[in-house]
Amino acid sequence: MWELLTKATRFLPAETAHRMAVAMLKHNFGPRPIAPNFSANLRVRIAGMEFDNPLGLAAGFDKNAACFNGAMSLGFGHVEVGTITPLPQLGNPKPRVFRLLEDQAVINRYGFNSLGMEQAAKNLKATAGQRLGVLGVNVGANKASVNPIDSYRQAVKGLAQFADYITLNVSSPNTPGLRDLQTQQHLDNLLVAGLNGLKDAGFEKKPIFLKIAPDLNHNDLAIIVESCVDAGVRGIIATNTTLARPDFLTSIHAGQAGGLSGTPLFSAATGILADVAKLSQNRLALIGAGGVAEAWQVYAKILVGADLVQLYTGLALEGPKMPGRILSQFAAMMDADGVATVDKIKGQICDPIAAVQHSQALFRGI
Ligand SMILES: Cc1cc2nc3c(=O)[nH]c(=O)nc-3n(C[C@H](O)[C@H](O)[C@H](O)COP(=O)(O)O)c2cc1C
């Protein structure tokens, strides 16, 4: 039934299908993963938080913290809500989301459509105490902000009390100038602003993560890693969507403006993650995102150094049974590899090509 429903929604514009999915999960309508039948222990501990499993829903699906418990019921160990901006804003004109079915990809230029932090805080308050997993709150600046760096401080201050962790999103390609905050010139000030937001709210011990773009070079990454370590940022999420358009895309929507996500992003995002892992030498928690649609891709990202892995586009294209399917296949891969806990996989194969080969071989064997 869920496969049919997902296929039927393809006849709707992508944004309408997205709204419907949020409404369904808000009412807790979705498949429940079957009880696990494997010996592997999927629990992960990072930055003082305990996750039931390494798989999370990436930011951008539950932009206003309206349905994260429903999303967690699909099997995710954590959900990252947002991006939430301090003030409400409409985002870019529609249409602004496009499915590239032939390429198993999406291009979006939502541009931080957000009901704002006050509405998000209301939603989060109403569900405090009923959380089914770890909750991340991803924040960003309003497009019209005259002081974007201070917008991050305000959003962190307003939302920290509801979050298990906070993410500073400086990697969306759809807000002009936002990605410049990843550069040396602005980064230290941005990180200090985020940490000051935590202090202002009285939650300085809460972990804060930085989410980065896949379109960065090795030198940019080295600066980002050292700035994060020096400032006391606890982790990096690699990566957001890409501005690149690989030559092999075949969909008619490939030329749309915005950020590309899904399968065509997997290699670049995993390469960036591997580079960040080498540079950080276990000084930061790492969350891999970008192009995950199969369990071997989760395994490969953890092999190169991720503690956790997030996905979004795969869920939008395959439907709500995906997290349960991926997690049981992932656990079967762990059994086949003879590893009992996820931390025994982390960082075992630093080279992304070798990590993919190992993961694909394991996956074929399960
Ligand atoms: C429609 C759409 C909207 C997104 N919105 C956000 C957002 O608001 N904030 C953010 O940090 N990332 C956003 N992302 C990026 C995802 O969180 C994720 O980093 C990226 O899509 C790569 O993962 P995927 O290939 O599994 O989708 C969005 C992605 C999509 C497809």
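The values are calculated or read from the model by the stated rules, or taken from the named source; none is laboratory data. Keep in mind it's a predicted model, so treat the numbers as computed, not measured. Every residue, glycine as well, gets a Cβ built from its backbone with ideal geometry; the counts of neighbours run over all protein chains shown.
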Answer yes or no: is there a residue in the range 114-122 that is in contact with a Pro (Cβ under 6 Å, 6 or more places away or on another chain) and assigned to a loop (DSSP other than H, G, I, E, B). yes
Yes/no for GLY202 being over 27 Å from ILE302 (Cβ atoms), of a type in the set (Gly, Ala, Ser) and crowded, with 19+ Cβ neighbours inside 10 Å: no
Just one of (1) surrounded by fewer than 24 Cβ atoms within 10 Å (Cβ to Cβ); (2) under 16 Å from the mean Cα position of the chain (by Cα); (3) within 22 Å of ASP343 (Cα to Cα); (4) among the polar types (S, T, N, Q) trips up ASN282, so point out which. (2)
Just one listed residue, out of ALA65, ALA71, ALA105, is within 16 Å of the ligand (Cβ to nearest atom) and within 30 Å of VAL146 (Cβ to Cβ), and it is ALA65
Hey, among GLY288, GLY271, which residue is in a helix (DSSP H, G or I), within 27 Å of ILE349 (Cα to Cα), of a type in the set (Gly, Ala, Ser) and in contact (Cβ under 8 Å) with a residue 12 or more places away in the chain? GLY271
Taking the range 30-41 and the residues there that are surrounded by 13 or more Cβ atoms within 10 Å (Cβ to Cβ) and not aliphatic (A, V, I, L, M), the one that is modelled with the highest pLDDT would be ASN41
So which of ALA257, ALA316, ALA293 ends up being near the ligand (Cβ under 9 Å from one of its atoms), surrounded by fewer than 24 Cβ atoms within 10 Å (Cβ to Cβ), in contact (Cβ under 8 Å) with a residue 24 or more places away in the chain and not in a helix (DSSP H, G or I)? ALA293
Checking the condition under 21 Å from ASP62 (Cβ atoms), modelled with pLDDT of 95 or more and touching a helix residue (DSSP H, G or I) at 6+ places or on another chain (Cβ under 7 Å), which residue from THR167, THR127, THR239 passes? THR239
Filtered residues of the range 267-279 (kept if surrounded by fewer than 24 Cβ atoms within 10 Å (Cβ to Cβ) and either over 13 Å from PRO214 (Cβ atoms) or within 9 Å of the ligand (Cβ to nearest atom) (or both)): LYS278, LEU279
